[in-house]
Amino acid sequence: MVNKEEYYKYIINNYKVHDIVIEYGKGTYLYDNNKKKYLDLTSGIGVNSLGYCDEEFVEELKNQLSKISHTSNLFINENTVEAAKLLVQLSKMDKVFFSNSGAESNECAIKIARKYSYDKYGFGRDKILTLKNSFHGRTLTTLKATGQEKFHKYFYPFPEGFIYGEANNIENILSKLNKNNVCAIIVEPIQGEGGVLPLSCEFVTKLKKVCNERDIILIFDEVQCGIGRTGKMFAFENFDVTPDIVTLAKGLGGGVPIGAVICNEKTSGVFKYGDHGSTYGGNPLVTTAAKYVLSKVSNTKFLNEINEKSLYLINSLKEIKSDNIVEIRGMGLMVGIEVRGNVNEYIDKAIEKGVLLLSAGNNTIRLLPPLTITMNELKKAISVLKEIL
Ligand SMILES: Cc1ncc(COP(=O)(O)O)c(C=O)c1O
């Protein structure tokens with residue numbers, strides 16, 4: 001039987017793991033090897049959007065596995081086309097590139113933005129502006145894109161060409177653009193890892209206007225906040241603007257690794273034959289999962305329920321009287337509770353009581369439950385949160 005000693009013996013020690021061996025999951029619950037049951041408000045960091053082992057999802061994947069799981073992108077497969085078509089129809093954008101993860105989606109978006117600018121303006125307009133406190137991935141380029149100093153250590157040299165501006169401060173952003181060398185701005189509509197910090201509508205509207213005026217590609221990193229998480233199919237819908245590129249991963253596959261880059265008409269023709277690629281990207285197995293997730297989440301009733309659950313969750317949390325709570329914030333089922341004291345201690349207490357939570361930033365409890373969580377499960381989670389806070 002696997003134990004923590006073997007985990008540390010065989011796996012490189014780069015994660016802070018809980019002392020729990022998960023054996024299986026069903027719905028919103030996870031079960032460990034001692035048969036202890038946990039109400040899961042982490043959804044594998046925003047991945048298991050439909051919870052665990054949704055029966056139809058499992059059936060669809062089994063069927064696909066018995067037909068074909070992988071072909072490479074040298075051949076056409078129906079699932080890949082259908083998943084892309086769904087993404088295009090739902091976003092009202094133009095075309096999709098499939099990757100395997102959030103970081104790869106962002107890498108791809110950065111390449112598209114740089115090539116768009118190079119094709120049109122030549123050398124020298126290659127800077128990417130990202131926001132302070134952002135998180136965009138763990139590859140060297142997306143680490144550098146991440147606007148947090150603590151990620152820019154050890155792995156020198158990092159790729160060049162990134163500058164950082166302040167979220168919700170359009171004057172600050174404008175001051176970074178006066179050298180006319182910026183080709184793209186990347187933002188998370190809600191900063192996830194940074195502490196569940198939504199951008200303001202006013203800021204996003206102004207950002208879009210500035211990008212249009214200066215022909216700067218606006219990229220929304222919706223890796224964590226896309227695909228129903230905010231109560232809309234795409235987070236950008238909350239802000240009434242459509243970016244030039246949207247990057248996705250996590251919840252899109254409901255548990256299998258898939259990423260996607262959706263482009264509008266301005267950016268969809270930038271890559272030509274040979275400019276980019278991915279061996280696995282959008283293979284028939286993972287696009288079966290994405291098709292299933294997209295068809296479930298895009299249902300109006302499903303989205304309405306996310307909004308009802310969100311309202312209940314946020315209001316109930318705001319009613320908790322505790323000096324340990326600094327602020328409740330978020331959108332949909334992406335909610336942050338900024339706390340006083342050590343966030344990990346609250347998380348450990350919740351685990352003892354059978355509830356799994358995430359942290360974000362320095363001092364925020366982050367809730368990312370499966371989108372399918374029920375009202376009763378939410379009630380249970382809230383009562384445990386009340387106790388530990
Ligand atoms: C906003 C955002 N972008 C990118 C990433 C990187 O995604 P991945 O770990 O799939 O590469 C993450 C992961 O947490 C994220 O939250």
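The table below lists the values:
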{"quantity": "Matching residues in segment 117-129 - criterion: being in contact with a Phe, Trp or Tyr (Cβ under 6 Å, 6 or more places away or on another chain) and either under 20 Å from K250 (Cβ atoms) or part of a helix (DSSP H, G or I) (or both)", "calculated": "none"}
{"quantity": "Close pairs from segment 119-139: first under 16 Å from S175 (Cα atoms) and open to solvent by less than 50 Å² (accessible area, probe 1.4 Å), partner charged (D, E, K, R) and more than 16 Å from the ligand (Cβ to nearest atom), Cβ under 6 Å, at least 6 apart", "calculated": "L129/K176"}
{"quantity": "Elements of type strands (runs of 3 or more DSSP E) in segment 1-116, at least 1 residues being touching a residue at least 60 places away in the same chain (Cβ under 8 Å), over 25 Å from the mean Cα position of the chain (by Cα) and away from the ligand (no atom under 16 Å from the Cβ)", "calculated": "37-40"}
{"quantity": "Residue count, segment 231-251 (criterion: within 16 Å of N299 (Cβ to Cβ) and within 14 Å of the ligand (Cβ to nearest atom))", "calculated": "2"}
{"quantity": "Residue match in segment 331-340 (condition: farther than 16 Å from G192 by Cβ and not aliphatic (A, V, I, L, M))", "calculated": "yes"}
{"quantity": "Residues of segment 97-108 that turn out to be closer than 14 Å to I227 by Cβ and surrounded by fewer than 23 Cβ atoms within 10 Å (Cβ to Cβ), as a count", "calculated": "0"}
{"quantity": "Hits in segment 194-244 (condition: under 15 Å from E166 (Cα atoms), in a loop (DSSP other than H, G, I, E, B) and among the aliphatic types (A, V, I, L, M))", "calculated": "L199"}
{"quantity": "Pairs with Cβ under 9 Å, 6+ apart, first in segment 193-208 and within 17 Å of L357 (Cα to Cα), second within 13 Å of the ligand (Cβ to nearest atom) and basic (K, R)", "calculated": "E193/R366; G195/R366; V196/R366"}
{"quantity": "Hits in segment 178-202 - residues which are more than 16 Å from the ligand (Cβ to nearest atom) and open to solvent by 10 Å² or more (accessible area, probe 1.4 Å)", "calculated": "N178, K179, N180, N181, S200, C201, E202"}
{"quantity": "Spans of strands (runs of 3 or more DSSP E) in segment 283-389 with at least 1 residues open to solvent by 70 Å² or more (accessible area, probe 1.4 Å) and not polar (S, T, N, Q)", "calculated": "325-331"}
{"quantity": "Counted residues, segment 252-271 - those being crowded, with 22+ Cβ neighbours inside 10 Å and within 11 Å of the ligand (Cβ to nearest atom)", "calculated": "4"}
{"quantity": "Check on F151, open to solvent by 20 Å² or more (accessible area, probe 1.4 Å) and closer than 23 Å to G44 by Cα", "calculated": "yes"}
{"quantity": "So L218, is it over 20 Å from I314 (Cβ atoms) and within 16 Å of the ligand (Cβ to nearest atom)", "calculated": "yes"}
{"quantity": "Qualifying residue in segment 136-149 (condition: away from the ligand (no atom under 16 Å from the Cβ) and in a loop (DSSP other than H, G, I, E, B))", "calculated": "no"}
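The values are calculated or read from the model by the stated rules, or taken from the named source; none is laboratory data. From a predicted model like this one, the values you see are computed outputs, not experimental measurements. Glycine gets a Cβ as well: all are built from the backbone with ideal geometry, and neighbour counts include every protein chain shown. Just so you know, the surface numbers come from the protein's heavy atoms only, side chains and all, with ligands and any DNA or RNA stripped out. Shrake-Rupley method; radii C 1.70, N 1.55, O 1.52, S 1.80 Å.
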